[in-house]
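**Student:** There's a structure below that I have some questions on.
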Amino acid sequence: MANTYSQIYIQVVFAVQGRQNLIAKEWRAEVFKYIAGIIKNKGQKPIIVNGVDDHVHVFIGLKPVISLSDLVRDVKNNSTNFINDNHWVKGKFNWQEGYGAFSYSHSQIESVYNYILNQETHHAKQTFKDEYLDFLKKFEIEHDEKYLFEWVQ
């Protein structure tokens with residue numbers, strides 16, 4: 001889009017289906033690199049992709065040429081196929097339905113980057129559920145907890 005200028009920074013958070021601990025350290029970096037590649041190939045700016053064994057944080061510089069929902073759909077579909085094609089998990093890998101998306105200003109890029117970079121340290125102190133609920137509260141997003149998390153039965 002000629003003469004269209006924007007700076008939209010979005011942190012997207014999504015979890016493994018059933019909140020299973022399936023993203024193993026041995027191949028985690030490869031998946032995060034692959035996710036960053038998907039984002040870049042869609043004409044967007046991957047600032048950082050990181051996470052732990054049950055969820056991922058993706059920080060994106062979003063250009064208004066694609067909807068966030070389309071981008072996240074493509075990231076989740078393509079990364080699911082990548083994980084399954086590499087046979088890194090027993091059975092079939094899937095991401096949980098839905099995601100959280102949180103916007104930031106340019107002045108917050110460094111702090112969000114560092115927060116995402118230090119996920120393992122952060123989650124030694126706080127569960128993903130508590131982290132996610134904190135995001136929803138901080139950003140004043142109405143929600144019903146019974147629809148937030150899928151758990152393995």
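**Student:** For the stretch 7-46, which positions are closer than 13 Å to I60 by Cβ and touching a residue at least 60 places away in the same chain (Cβ under 8 Å)?
**Tutor:** Within the stretch 7-46, Q7, I8, Y9, I10, Q11, V12, V13, F14 meet the criteria.
**Student:** I've got another one for you. Can you tell me which residue is nearest to the chain's Cα centre (by Cα) among those in the stretch 86-106 that are crowded, with 17+ Cβ neighbours inside 10 Å and closer than 18 Å to E26 by Cβ?
**Tutor:** Result: F93.
**Student:** As an exercise: evaluate E26 against (1) of a type outside the set (S, T, N, Q); (2) part of a loop (DSSP other than H, G, I, E, B); (3) under 22 Å from T121 (Cα atoms) and give the number of the one condition it does not meet.
**Tutor:** (2)
**Student:** Something else now. Hey, can you tell me all the residues within the stretch 1-40 that are closer than 22 Å to F93 by Cβ and among the aromatic types (F, W, Y)?
**Tutor:** Within the stretch 1-40, F14, W27, F32, Y34 meet the criteria.
**Student:** Another question about this same structure. Give the residue, chosen from I83, I109, I116, I66, that is under 30 Å from Y5 (Cβ atoms), in contact (Cβ under 8 Å) with a residue 12 or more places away in the chain and either crowded, with 19+ Cβ neighbours inside 10 Å or polar (S, T, N, Q) (or both).
**Tutor:** Criteria check complete, one pass: I116.
No lab work stands behind these numbers, since they all come straight from the coordinates. The model shown is predicted, which means the values in this text are computed figures rather than measured ones. Reconstructed Cβ throughout: ideal geometry from the backbone, glycine too, with neighbour counts over all protein chains shown.
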